[in-house]
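Student: Handing you a structure now.
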Amino acid sequence: MPLTAATFRKLTLSLPNAIESAHMGHPDFRVLCADGKLRIFATLSGEASSRGVLKLTPEQQASFCEEMPEVFEPVQGGWGRMGMTYVHLDRVEEDTLLGALTTAHHNVVTAAGAAKSKRVPAKRTSERAGAARSGSVKTEAAKTRPKIKP
């Protein structure tokens, strides 16, 4: 039996911390990440043509599309090259869809955590930054430059 947008929605919202929102006039599904931001991992932007969209990695996309080309296909253009993948709701089994949604959900949660751990604190405090803009703080090059006597 073909799945519907309602089934896609039900499965997506069953994932931890998932909520429904909207993006560019289409339903999307976001997860609350450790950094406190809501990040999109799936959409129903293809709902009119019985398709959902998943945020996979390019490698995952290639694997899904190779294994089940009748069910999964890259989104056109640059979004597709980044891993955004159509899932044909009228051709996918419920357990396959749940597995793909879980993969997309996991990608977003782990990517947000990895990005947070890679952040480096700013080198200047706001006070020093203000002084640098006003010219009262010399750059490292200006401090080490030899002084030329006239």
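The values are calculated or read from the model by the stated rules, or taken from the named source; none is laboratory data. Keep in mind the model is a prediction, meaning the values are calculated, not measured. Cβ atoms come from the backbone with ideal geometry, glycine included; neighbour counts cover every protein chain shown.
Student: Within the range 51-74, work out how many residues are of a type outside the set (Gly, Ala, Ser), out of contact with any Pro (no Cβ under 8 Å at 6 or more places or on another chain) and within 14 Å of residue 41 (Cβ to Cβ).
Tutor: The total comes to 6.
Student: Now for a separate question. Of the conditions (1) in contact with a Phe, Trp or Tyr (Cβ under 8 Å, 6 or more places away or on another chain); (2) under 18 Å from residue 111 (Cβ atoms); (3) surrounded by 20 or more Cβ atoms within 10 Å (Cβ to Cβ), residue 44 fails just one. Which one is it?
Tutor: Result: residue 44 passes all but (2).
Student: With the condition kept exactly as written, say whether any residue in the range 9-16 is without any contact (Cβ under 8 Å) to a residue 40 or more places away in the chain, within 18 Å of the chain's Cα centre (by Cα) and buried (at least 17 other Cβ atoms within 10 Å of the Cβ).
Tutor: No: the range 9-16 contains no residue that is without any contact (Cβ under 8 Å) to a residue 40 or more places away in the chain, within 18 Å of the chain's Cα centre (by Cα) and buried (at least 17 other Cβ atoms within 10 Å of the Cβ).
Student: Also, I was wondering about something else. List every residue pair whose Cβ atoms sit under 8 Å apart, with the two residues 6 or more apart in sequence or on different chains, where the first one lies in the range 69-92 and is over 14 Å from residue 52 (Cα atoms) and the second, anywhere, is of a type outside the set (A, V, I, L, M, F, W, C) and part of a helix (DSSP H, G or I).
Tutor: 81/58; 82/58
Student: Scan 71, 108 and give me the residue that is hydrophobic (A, V, I, L, M, F, W, C), touching a Cys at 6+ places or on another chain (Cβ under 9 Å) and at pLDDT below 95.
Tutor: Among 71, 108, only 108 is hydrophobic (A, V, I, L, M, F, W, C), touching a Cys at 6+ places or on another chain (Cβ under 9 Å) and at pLDDT below 95.
Student: Please pick out the residue among 119, 81, 128 that is farther than 21 Å from residue 16 by Cα, surrounded by 10 or more Cβ atoms within 10 Å (Cβ to Cβ) and modelled with pLDDT under 50.
Tutor: Just a single option satisfies the conditions, and that option is 128.
Student: Of all the residues that make up the range 47-69, how many are within 20 Å of residue 4 (Cα to Cα) and touching a Gly at 6+ places or on another chain (Cβ under 9 Å)?
Tutor: 4
Student: If a residue must be β-branched (Val, Ile, Thr) and either part of a loop (DSSP other than H, G, I, E, B) or in contact with a Phe, Trp or Tyr (Cβ under 6 Å, 6 or more places away or on another chain) (or both), how many such residues does the range 88-101 contain?
Tutor: 1
Student: Is it the case that residue 32 is surrounded by 14 or more Cβ atoms within 10 Å (Cβ to Cβ), modelled with pLDDT under 95 and either within 19 Å of the chain's Cα centre (by Cα) or of a type in the set (Phe, Trp, Tyr) (or both)?
Tutor: yes
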